[in-house]
Each structure stands twice: as structure tokens, then as C-alpha cells.
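Where a number appears in this text, it was derived from the coordinates with a stated rule and is not lab data. Predicted model only: the values in this text are computed from it and were never measured.
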Amino acid sequence: MTVLHFSFADSKIDFASFLEVMYVHSQKEKCQQEILQGFQAQDSRGTGTVPGNELMQTLTKFGEKLDRQEGNSQLVYLEVCFFVKKCYMS
């Protein structure tokens, strides 16, 4: 593994180094597991579904907030009208 040296003075990193940093980060962080745990936490009834309005609220109110149009685009992308079905129960 390459050791990266990053200077805050010029605050630039080349794309190959960025990809390496993201790869190392993805190996340490369990992003997919965290996302699935988030869906499980929102599924208060244990049905394997998350209401679309709750997902929209999460997308537009927390973390890196999406605007309403971006949230709608994500729901359309997931082909969702009212429920995100069986996201984690497979």
C-alpha cells in the first residue's frame, strides 16, 4: 500500500491517490452494512419495507441533505412510489 502525503498548503490530491484513499476507507468502513442497518432502524414494524415518505424525510433532512427534486429523483431511480420494498430482507 502506498503511503499518501497530503499537504494542506496546496490542498490538492490527484485522482489516482483519491481512489486509493477511498479504497482504503471503504475497507475500514462498512458502508453497505451501515446503510442496511439504517433501513432496519427505519423499519419499525419489521415488514422489510420503509415508507417512501420516511425515506424522503431522511434524504432531505439529515446528513448531506438532498433538495426535494434530488430526493424525488432518488425515489424514481429506486422505482418507488410509496414503499422501499425488501431493501434488506433478501
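At-a-glance table
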item: 17 Å Cα-Cα reach of residue 12 towards aspartates and glutamates, excluding residues that sit fewer than 8 places from it in its own chain; result: 20
item: Extension gain (nm, one decimal) between residue 29 and residue 77, 0.36 nm per residue minus Cα-Cα; result: 14.7 nm
